[in-house]
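**Q** What follows is a single structure, and I will ask about it in a moment.
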Amino acid sequence: MAVSRIAAGHQENYLKNSRQLLATLTELAFLVNSSDRAFCQTSFSNLKKLSPDYEGFGLIESDGTLFCNADSTNISVYLGDRSYFRRTVETKKFTVGDFQIGRLTRKPSLNFGYPVLDDHGQVHRVLFAALRLPLMSKALANIGVPAGGNVMVLDRNGTVLARQPDPEQWIGKSLANEPYVQTILQSKQESVLEVKEKDGVARLHALKPVGDTLSPGLYVSVSIPLAISFAHANEILIRNLIIMAVVGILVAAAIWVFASHSFLRPVRALSVAAKRLADGDLSARIGARKGAAELVQLGHTFDVMAERLEARRIEISQMNQDLERRVGERTSQLADANAELEAFCYSVSHDLRAPLRHIGGYAEMLESHLGKTLDEEGTRLLKTVESSSKRMGVLIDDLLQLSRMGRAAMKKTEVDLDALLKETIEMQAHSNGRRIEWKTNPLGKINGDFALLRQVFLNLISNALKYSRTRDPAIIEIGSLPGNPGELVVFIRDNGVGFNPAYMEKLFGVFQRLHDAQEFEGTGIGLANVRRIISRHGGRTWAESKPDHGATFYFSLPRQPHTSL
Amino acid sequence: MTSLKRILLAEDSPQDVEMTLHAMAKNHLANEVVVVPNGVEALDYLFRRGKFSERPEGNPVVAMLDLKMPKLDGLEVLRQMKAHPDLKRIPVVIMTGSREESDLVKSYDLGVNAFVVKPVDFKQFVDSVQNLSCFWGLINEPPPGSASAG
């Protein structure tokens, strides 16, 4: 597993540096109480050479003035306002500072403070170490954060200390205004949040405080795009939580190296447990251990975190099971609904048609029964009954066709639109002596259902013919436009009676008509069918017109194969 | 006119029966038409059992079966007829209110001799019935064992 390898690499790095550090730190007792500035400076200078991850070390007097540091004896610098200094003086404990630019080095660093106490337990001096920030980012570099995601280390103000990818652009930036950062800065609790960010990508943010639970020194944040986290909910989410944990532990370990003399054994136990955790053994625990209080605390924190990870994995797997069960339920509900619809259509076509046939039939039988005794008005009334029942029959047929069109499975092949167009025009060429000018332009090929697309052309071209029949000659033009990237837009333009553009959307509705049946026959199902077919192909339909100035109908089709719903 | 041949009409809708008989009468077809309202009675008639146990011998020259009927539908009557050695040669016409692809396929799979969608338009309906009864009642030579009522 990639994560464990990376984690192991980190450990090696940090531990190697830590051992070197330790060798020098044994001299600390003499050093920190020393009044010999030259000795102090040399010692820190040596320490710095041995610790490439650190920008520098130094001692600050309790009044905030620098006693000595690794770089220079020129120490007329006041550091009493630095956050790590103030916190160390305040808490008398090891503390982590905020993001800062070194006053002497001019470089970004994260500083740690360690109290040097006098015999009365008062802070006599503050020992500090400045961790190089770019190195911290480098340490994060090999972590396999999924594309679109990131891993960051933030200080307690929400400023970025380290980040992958693009550390240079982010180090020193404050994210304090990001809601997900605010959440953890306020709660100081490990949290997992879904956030839709400015770039439009919804991400899952997992944040974890490092260090003291009441006043964490650092926060580690891992973000992954939601699309990825849902696709592999179990695997990636857990893995990232583990990455986060391991990074957190390692950063913490690096800090503790500085803070504790008897660190090696407990840290190794931590490392082993972290590795087991990263390998997927969520039962890894440190257990209570004797040693430096801080390490026992860290070990405890680790165990708590491992508990939570394990609990979360169980939770996710339950959620997944629940999700699967619900998908199953919905699928069967959908199948039921579809079967019901099928039965409904069957019933409509059989049972509703019979009485219609009877109405028409009995009207005619009555007509022939009455024979010559039937007067003109009687005949007219009976004819109306007959024609209405016929029209109802046509409406039922159209409705059923629309319903079938929406449900029939699509058979996608490569469709030659030019051949299809030619065939459609030939089918409709019996124009009863009308003069029709056809203007056709090449359309090309597209992936789609041949029968359904033929219906589209048939409906649109017969419409164009119908509404231009008062024109001599009727001019019907078919062509394509570029449209959006990855789609083909086809238009069918006529010089017919047109329509009021205000009714454009109505036009594509079921049984919507803009002309009465005396003027232009039809039931108003053709364009509804067109819209349905095109949308099943993943395309759009629209139209343009001015009354009496012809109409243009457009539809788009994706050039890439579209997965039908 | 040749001998009059018996037609079996299984149809549950009295209106459809009346319209069918009206159309046949208009054509001056004088075939005897036995009308039953469901599939059970159709089979009773064919097997000469129940209330038809006393009926004269001989099979109808054609059985016109409505697809959707109470108790036993047209497809089931068709299936039983085609499975029985004495009835399997009787021509069967399935009549239905709408053209449903699945019904069409099932009917032909069961060996139907004709499949007719009753037109909504009455004139066309009359034409269909007249053509059907004329073809099966007069023109077509029925299998041996068909009854002659004349």
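**Q** Chain B: percent of C-alpha pairs farther apart than 29 Å? Don't skip to the end; give the middle numbers.
**A** Values: 960 of 11175 pairs.
In whole percent, the long-distance tail amounts to 9.
**Q** I would also like to ask the following. For B:Phe47 and B:Asn131, what is the calculated FRET efficiency with R₀ set at 25 Å and r taken between the beta-carbons, to the nearest 0.05? Before the final figure, lay out the partial values.
**A** Values: r = 29 Å, r/R0 = 1.17.
My answer for the efficiency is 0.30.
**Q** Given points 7 Å out from each Cα along the Cα-Cβ axis, report the A:Lys383 to A:Lys196 separation in nanometres with one decimal.
**A** 6.1
**Q** Check each of the chymotrypsin sites (Phe, Trp or Tyr not before Pro) in the stretch B:78-150 and keep only those in coil by DSSP with at most 10 other C-beta atoms within 10 angstrom; list them in order. Let's see the in-between values first.
**A** Working: sites: B:Tyr108, B:Phe115, B:Phe122, B:Phe125, B:Phe135, B:Trp136; in loops: none.
Here no loop site has a sparse enough neighbourhood.
**Q** May I ask you to order A:477-483, A:376-382, A:38-44, B:88-94 by the average number of other C-beta atoms within 10 Å around their residues, highest value first? Write down the numbers at each step before the final one.
**A** On the way: A:477-483: 15.3, A:376-382: 11.3, A:38-44: 18.1, B:88-94: 20.0.
Going by the mean number of other Cβ atoms within 10 Å, highest first, we get B:88-94, A:38-44, A:477-483, A:376-382.
**Q** Which value in nm describes the separation of the simple spin-label points at B:Gln15 and A:Met427, placed 7 Å from the Cα toward the beta carbon?
**A** It works out to 3.3 nm between the two label points.
**Q** Counting other C-beta atoms within 10 Å, which of A:Ser388, B:Ser102, A:Ser545 has the fewest, and how do the rest follow?
**A** Values: A:Ser388 14, B:Ser102 9, A:Ser545 23.
By the 10 Å Cβ count, ascending: B:Ser102, A:Ser388, A:Ser545.
**Q** Let me ask something else about it. Could you quote the convex hull projected area for the stretch A:332-406, Cα atoms only and averaged over all directions, in nm²? Don't skip to the end; give the middle numbers.
**A** Numbers: hull surface 21.4 nm².
Average projection, Cα convex hull of the stretch A:332-406: 5.4 nm².
**Q** Which FRET efficiency value, to the nearest 0.05, is calculated for A:Arg330 and A:Asn484 with the Förster distance at 30 angstrom and r the Cβ-Cβ distance? Let's see the in-between values first.
**A** On the way: r = 32 Å, r/R0 = 1.08.
Efficiency, rounded to the nearest 0.05: 0.40.
**Q** At a Förster radius of 25 Å, what calculated FRET efficiency corresponds to the Cβ-Cβ distance of A:Glu340 and B:Tyr108, to the nearest 0.05? List each step's numbers first, then the result.
**A** On the way: r = 27 Å, r/R0 = 1.09.
Here the calculated transfer efficiency is 0.35.
**Q** Give the percent of DSSP beta bridges with both residues in chain B that are antiparallel, rounded to the nearest 5. Numbers along the way, then the final one.
**A** Numbers: 1 of 18 bridges.
Once the DSSP bridges in chain B are tallied, antiparallel ones form about 5 percent.
**Q** Please state the equivalent ellipsoid semi-axes for the stretch A:411-558: what are the square roots of 5 times the Cα gyration tensor eigenvalues, largest first, in whole Å?
**A** Working: eigenvalues 107, 64, 40 Å².
In descending order the semi-axes read 23, 18, 14 Å.
**Q** Taking the Cα-to-Cβ direction at B:Val116 and at A:Ser76 and moving 7 Å from each Cα, how far apart do the two end points lie in nm?
**A** 12.0
No value in this document is a laboratory result; all are computed from the given coordinates. No experiment lies behind these values; they were computed from the predicted model shown. Glycine also receives a Cβ, built like all others from the backbone with ideal geometry; neighbour counts cover every protein chain displayed.
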